[in-house]
Amino acid sequence: MEPDLDVWAHPGLRAAVAAGDWSTVLRTWRTLTRVSQTKLGALVGLAQPDVSAIENRRRAVTSVEVRQRILEGLRVPTELLGVGPEELPMPSLVLPGVVSEAAADRLTRVKQGRLRLDAASLDSLEGLLAAHRRAEDTLGSHAMFGVVAAQFQQVAGLYGQARGPLADRLVKVMAEYAQFLAWMAQDQDNAPVALGWFDRSYDWALESGHEDLAATTMSMKAHLAWSGGNGRRCVRLGEAAASKAGASEATRAMAVQMAGRGYALEGDGGAAYRRLDEAQRIIAGATDAPPWLYFYGESWFSAQRGMADLHLSRWGSAVENLATGLAGFDLSYRRDRAWYGACLAHAHAGGGEAEAALTTALAAVPDAAELGRPHAWGELHAVAGLLLRRGASEGRTLFEVLAALD
């Protein structure tokens, strides 16, 4: 049957496109239009088994070509992408002032093939990516995923113009974009898509000769394993990243602390704190943090150590470390402040400090509700549940606040 144009008024379908959740896009679109996987596949140029694999999250959509076929085949409204696919702006137009007007004009002419790709153009693209990373700290991954995906599409489209060292540098920039998209997919609890982007980032990092970026991506895959509750995999990936040749000291420190958190998740406190102590020694002397680890430092490390304390039910230490970390976070780090604020509330609740748990949780609610779903939001629900199980009236108060916003 011919799809009803009003299908794109469905809020769940629109949200799935904005989040880049192609599994949900395909399943929801088919439910609303009542067409088979075979018919949908014909529209987007995929075989029925491929459609099934994407819908069931056995395959991630990481190819720009496949993504574009889905957008065109399902007639995704251009307003969900910002603008039409042929008129996608260079990302500087999304964040005015990041790149000069002259540089933006140059990027447009490079895109159109009227000028050759050069080092100055790549400088501008790297500046845009850095700005979008910082914007995501404040606006959250849901708001930024579509923008960055459009930006990546533009960068990948320049590959055919790159030659020699410029080609290596462009592939490295593509690897950074893929890593960022993976992080945002993980933040939205979409592990299959995150893993696909991480794998693409790792391959491109190696292709471009940037071992430090490859090590960072492996360390971030360890974080993905940690998020999924797989401590053993977290340890192995963290240790592998830390031992990778070419990893900077800052990257090594991040990888070692990830291994420590994996040990904590497994309940091995001795191994956890040995690795965390080592990571702290490394980070104290690190002066070579790459641009994609702009957030990394003592405050962030303290917060991460607090996470290990939480796993090991060392409530007092968790409160101290999480509070120290939060105190050093810039106010623009809204997503991180929501997450670690929720974890601090959990530490207070675990230690029997119900009033402090409620006060801390309520302070985290606004940012968690706006851009901390599902992780920070889920942690706040866990705090409410813990307080209720212990008979604390503060648990009912927190539960009612969260229920009003669910």
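The values are calculated or read from the model by the stated rules, or taken from the named source; none is laboratory data. Keep in mind that this is a model prediction, so the values were computed, not measured. When we count neighbours, we look across all protein chains shown, and the Cβ atoms used for this are built from the backbone with ideal geometry, even at glycine.
Do we find that residue 329 is crowded, with 18+ Cβ neighbours inside 10 Å, free of Cβ contacts under 8 Å to residues at least 40 places away in the same chain and not acidic (Asp, Glu) in this structure?
Details: crowded, with 18+ Cβ neighbours inside 10 Å: yes; free of Cβ contacts under 8 Å to residues at least 40 places away in the same chain: yes; not acidic (Asp, Glu): yes.
When the stated conditions are applied, residue 329 passes them.
Quick one: in the stretch 31-40, of everything that is part of a helix (DSSP H, G or I) and either among the polar types (S, T, N, Q) or modelled with pLDDT under 90 (or both), which residue is farthest from residue 145 (Cα to Cα)?
That would be 38.
Applying the selection to the stretch 359-378, what residues are part of a helix (DSSP H, G or I) and either crowded, with 24+ Cβ neighbours inside 10 Å or small (Gly, Ala, Ser) (or both)?
Applying the first criterion (part of a helix (DSSP H, G or I)) to the stretch 359-378 yields 359-371, 375-378.
Scanning the stretch 359-378 gives 360, 361, 363, 364, 368, 369, 376, 378.
Here are some conditions: (1) crowded, with 19+ Cβ neighbours inside 10 Å; (2) modelled with pLDDT under 70; (3) under 27 Å from the mean Cα position of the chain (by Cα). Residue 89 meets all but one. Which one does it not meet?
Residue 89 satisfies all of (1) crowded, with 19+ Cβ neighbours inside 10 Å; (2) modelled with pLDDT under 70; (3) under 27 Å from the mean Cα position of the chain (by Cα) except (1).
How about the stretch 44-69: which of its residues are under 22 Å from residue 175 (Cα atoms) and part of a loop (DSSP other than H, G, I, E, B)?
Scanning the stretch 44-69 gives 59, 60, 61, 62, 63.
Provide a single number: the residues in the stretch 161-211 that are among the acidic types (Asp, Glu), in a helix (DSSP H, G or I) and surrounded by fewer than 22 Cβ atoms within 10 Å (Cβ to Cβ). Please lay out each step first, then the result.
Within the stretch 161-211, the first condition is being among the acidic types (Asp, Glu), and the residues that meet it are 168, 176, 187, 189, 199, 203, 207, 211.
Still in the list and also in a helix (DSSP H, G or I): 168, 176, 187, 199, 203, 207, 211.
Next cut, surrounded by fewer than 22 Cβ atoms within 10 Å (Cβ to Cβ) only: 168, 199, 203, 207, 211.
Residues flagged as among the acidic types (Asp, Glu), in a helix (DSSP H, G or I) and surrounded by fewer than 22 Cβ atoms within 10 Å (Cβ to Cβ) within the stretch 161-211 amount to 5.
Quick check, is residue 226 part of a helix (DSSP H, G or I), in contact (Cβ under 8 Å) with a residue 24 or more places away in the chain and out of contact with any Gly (no Cβ under 9 Å at 6 or more places or on another chain)?
On the way: part of a helix (DSSP H, G or I): yes; in contact (Cβ under 8 Å) with a residue 24 or more places away in the chain: yes; out of contact with any Gly (no Cβ under 9 Å at 6 or more places or on another chain): no.
No: the conditions fail for residue 226.
Being surrounded by fewer than 24 Cβ atoms within 10 Å (Cβ to Cβ) and either in a helix (DSSP H, G or I) or touching a residue at least 12 places away in the same chain (Cβ under 8 Å) (or both) is the filter here; which residues of the stretch 253-275 pass it? Before you say what the answer is, go through the steps one by one.
We begin by selecting, within the stretch 253-275, every residue surrounded by fewer than 24 Cβ atoms within 10 Å (Cβ to Cβ); these are 265-271, 273-274.
Within the stretch 253-275, 265, 266, 267, 269, 270, 271, 273, 274 meet the criteria.
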